[in-house]
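Participant: Take this structure first; my questions come after.
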Amino acid sequence: GKRKKEQDKSVPVDKENYPRKEKEKDMDDQAVYDLIAAMDQDDTCLDDEENVVKISTEVDSLSMILDNISIESIAMNTFSVSSVGSKVLDQNKQNILEVHEGDTTNIFYFHDADNKFGSHAGSVAIKLPNDELFDNDQVTRLKNEYTVSRHLSQCAAVRSAISEIELRGVPAIVLEWAPGMTLGKWISCFHSNMQSPVITENVYPSILSKDDMSIFLNLAWNISKAIADIHDAGVVHNNLTTENIIVDDSNENTSVSVKIIGLGSASFQNNNNGKSQMIRKDLTSLGFIFFEMFTGQYPFQAKGENTLLSPNQLIFELTCKVPLVIAKILLHIMEIGGYNHSHHSARDLDNNLYAIITDLESIMSSCYTQVPLGQLELTENKLYGRGSHIMELMSVCQGIGINGPSKIALISGYSGEGKSVIVKCVKEMLKETDVYFISGKFDQLQQGGPLPAINAALAEYCGHIVSQGSQNILDIRRAIMKEINNDVGVLTAVFPCLRKIIGESTANPVEVAS
Ligand SMILES: Nc1ncnc2c1ncn2[C@@H]1O[C@H](COP(=O)(O)OP(=O)(O)OP(=O)(O)O)[C@@H](O)[C@H]1O
Ligand SMILES: [Mg+2]
């Protein structure tokens, strides 16, 4: 919509006078309504191929603040500083761009050419609930972000909070614009442009190049310093993600600049036990962020999920890409693999990373031959996780001939589950004792003759006795005859191998069943 109204342009923005209710009252309701309507309207443009659609909605009378505004929409996924830059450099226009449509808030970029908001760099971010039916929680978070940002006004790691305003009843906060891109975007750009390592026979480890490592370390160091500054000022962030860190590396003369944003869940440190817990949570989140930065992969099962990869996977990914000493620092802050926080503060982490940066040359020179850790290695012929089963079977076998009547131990399980391999293992162990171990397998496919498994076991045993000489054969024969005597013909008929010891039976057994 279009609408003109006389405005009092002479009233400067009074930064100190918060909340600025009186001035907000002066705002032209219709203009604000138009602004909000135009902001809403751009939802329809998000699917556009170019993702840049000019709505051409001029809302020219938003009180003393916004005049001659043209609203343009740039979908979040193609937003970059340069695209904004080229538009705002249009001298005669003040542009407002929707730069981020979040779950609960929208962020608009406003080029404040006449410095009506009192921004330092001439551009501000206006943050407001993304739904006119905003709830209390959204308002609380906005107000919290404002309060915490004001508290951190001396902290360069956080963008300054300029004012709290109301756009037709919708609360909004105005913050200094932080140029750059989200760390999430920075990471995916950087990793997609990175040359993949030359694949040699030995694919792992694919350690990052010294140049890439140096860029990552510098950024990690800057981020740690930023968090340390926030912590030192008595605040914890509580929601550190790659989306809540803005990185600006566009100025080649200065080092990369880092702003921590998204302070809606931030809180003031209280001096009871919860304090270290809160700091610890920020540090762990920082570890996950650095993991993504160095490896280019999420430490979670999937993007947006909370379930971490297994410790082994995390350790392996890290030790493939970065020198051990750096991997260890990251594992420490992520509290993975039995490591816990040896870094008690972000400041310690900052110092630690600085020490690594100064020593990077020698660290890198020795890391290209490092063996990645955490890779699952299976040792051949080792039985995994069967300790208790082996003990059980051993104790049954050792009780043979000692405790009462005859016993039988049966092992059942699906094919391939490891029955034979357990038996083989116990057989090996029994070699040291006076138990003679014989075995046979009940097999579905060997049902031609009776009791083939026992026959196979006895055949093995008879072969062993025969190999020990005639005296041994005689002793065993006597022992068997003493126990069974007349019925021995039944045995030799069913288990022909016994004939090697007992000989042919003279009395044929009576057949009782066919
Ligand atoms: N706990 C284990 N640790 C390591 N390897 C195992 C384990 N269990 C089974 N295996 C391996 O799996 C394979 C199958 O085991 P095995 O032959 O003992 O199975 P099975 O239960 O006897 O199968 P089938 O019923 O077909 O005879 C073997 O190569 C064995 O070494
Ligand atoms: Mg088997």
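The values are calculated or read from the model by the stated rules, or taken from the named source; none is laboratory data. Predicted, not measured: the structure shown is a model, and the values here were computed from it. Cβ: placed from backbone, ideal geometry, glycine included. Neighbour counts: every protein chain shown. Each accessible area value is taken on the protein alone, full model and side chains, heavy atoms only, with ligands, DNA and RNA left out. Shrake-Rupley method; radii C 1.70, N 1.55, O 1.52, S 1.80 Å.
Participant: Mind checking the dipole of segment 331-478: about its Cα centre, +1 per Lys or Arg Cβ, -1 per Asp or Glu Cβ, Debye to the nearest 20?
Facilitator: Magnitude of the dipole: close to 1000 debye.
Participant: Tell me, what is the 1.4 Å probe accessible area of Ile402, in Å² to the nearest 10?
Facilitator: Here the residue's solvent-accessible area equals roughly 120 Å².
Participant: Which ³J(HN,Hα) values, rounded to whole Hz and listed in residue order, are derived for segment 479-492 from phi using the Karplus coefficients 6.51, -1.76 and 1.60 in 6.51 cos²θ - 1.76 cosθ + 1.60 with θ = phi - 60°, glycine and proline given as x?
Facilitator: Ordered by residue, 3J(HN,Hα) equals 4, 5, 4, 4, 6, 10, 6, 5, 8, 4, x, 4, 5, 5 Hz.
Participant: Now a separate question. Order these peptides, 173-182, 154-163, 492-501, by their mean beta-carbon neighbour count within 10 angstrom, highest first.
Facilitator: Listed from highest to lowest mean packing, they are 173-182, 154-163, 492-501.
Participant: Follow-up question, since we're still on this one. Keeping all protein chains in place, calculate the accessible area per residue for segment 427-472 (probe 1.4 angstrom), answer in Å².
Facilitator: The answer is 72 Å² per residue.
Participant: Per residue, how much accessible area does segment 181-365 show when a 1.4 Å probe rolls over the protein heavy atoms, in square angstrom? Could you put the intermediate results ahead of the total?
Facilitator: Numbers: 8590 Å² over 185 residues.
Heavy-atom SASA per residue in segment 181-365 reads 46 Å².
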